[in-house]
Amino acid sequence: MDSTTINTATGTAVLRRALDPGTILTAAAVVAAGLSMVNLWWAVPAAIAAFLAGRRPGRTAPTALALVAILAAGVVALSVVPAWLPLAGRFVAVMVVATMLPWFAGRFWLQYQQLVRAGWERAEQLQREQQLIADHARLLERTRIAQDMHDVLGHDLSLIALSAGALKHNRSAG
């Protein structure tokens with residue numbers, strides 16, 4: 001492959017990743033959290049976007065790392081410039097309360113839903129297995145009954161044949 005093909009493939013993969021709904025929701029949560037420095041009401045859309053981003057299936061490491069990096073930047077800014085204490089403290093509080101907690105709540109919700117779905121699937125699988133076991137037991141019982149009937153019928157036919165032979169022998173002897 002030449003470098004143009006590799007660059008096009010890489011660009012397409014990056015664009016696809018950037019247009020992923022989880023990435024867009026995470027970016028929206030971070031932007032809304034940043035805007036909450038101007039007006040605290042932006043914490044509400046940040047919390048909603050973070051919760052919805054947490055509910056998205058897929059890899060969690062990029063989002064968690066982004067949230068922790070932004071939080072760490074706020075803590076560093078708080079410790080480096082003491083004059084920013086009110087603003088940085090508010091930023092850290094918004095990041096924890098309006099982005100991280102809702103994101104973790106969304107992750108919990110997703111995992112809970114996956115566990116419930118897996119539980120129902122397992123119950124259905126166990127029910128199918130139980131039905132197969134019951135069908136197998138029924139077939140075994142039918143086979144046993146057929147063998148018993150075959151044995152009884154064979155025994156009765158043998159007795160009839162012996163009786164017929166005895167009668168034939170008695171007629172020819174008498």
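The values are calculated or read from the model by the stated rules, or taken from the named source; none is laboratory data. Computed from a predicted model, the values in this text were never measured in an experiment. Heads up, the Cβs are rebuilt from the backbone with ideal geometry, glycines too, and the neighbour counts pull from every protein chain shown. When the accessible area is computed, the model is the full protein with side chains, heavy atoms only, and any ligands, DNA or RNA have been set aside. Shrake-Rupley method; radii C 1.70, N 1.55, O 1.52, S 1.80 Å.
The table below lists the values:
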item	result
Pairs with Cβ under 9 Å, 6+ apart, first in the range 109-135 and within 30 Å of T60 (Cα to Cα), second aromatic (F, W, Y)	W109/F51
Only listed residue being open to solvent by less than 50 Å² (accessible area, probe 1.4 Å), modelled with pLDDT under 85 and under 17 Å from T23 (Cα atoms), chosen from L110, L67	L67
Evaluation of L67 against (1) within 23 Å of L115 (Cα to Cα); (2) touching a Phe, Trp or Tyr at 6+ places or on another chain (Cβ under 7 Å) (one fails), failing number	(1)
Test for V97: is it hydrophobic (A, V, I, L, M, F, W, C), modelled with pLDDT of 80 or more and farther than 12 Å from G34 by Cα	yes
Residues satisfying the stated conditions in the range 51-82, i.e. without any contact (Cβ under 8 Å) to a residue 24 or more places away in the chain, farther than 19 Å from G34 by Cα and of a type in the set (G, A, S)	A61
Any hit, the range 70-88, residues being open to solvent by 60 Å² or more (accessible area, probe 1.4 Å) and hydroxyl-bearing (S, T, Y)	yes
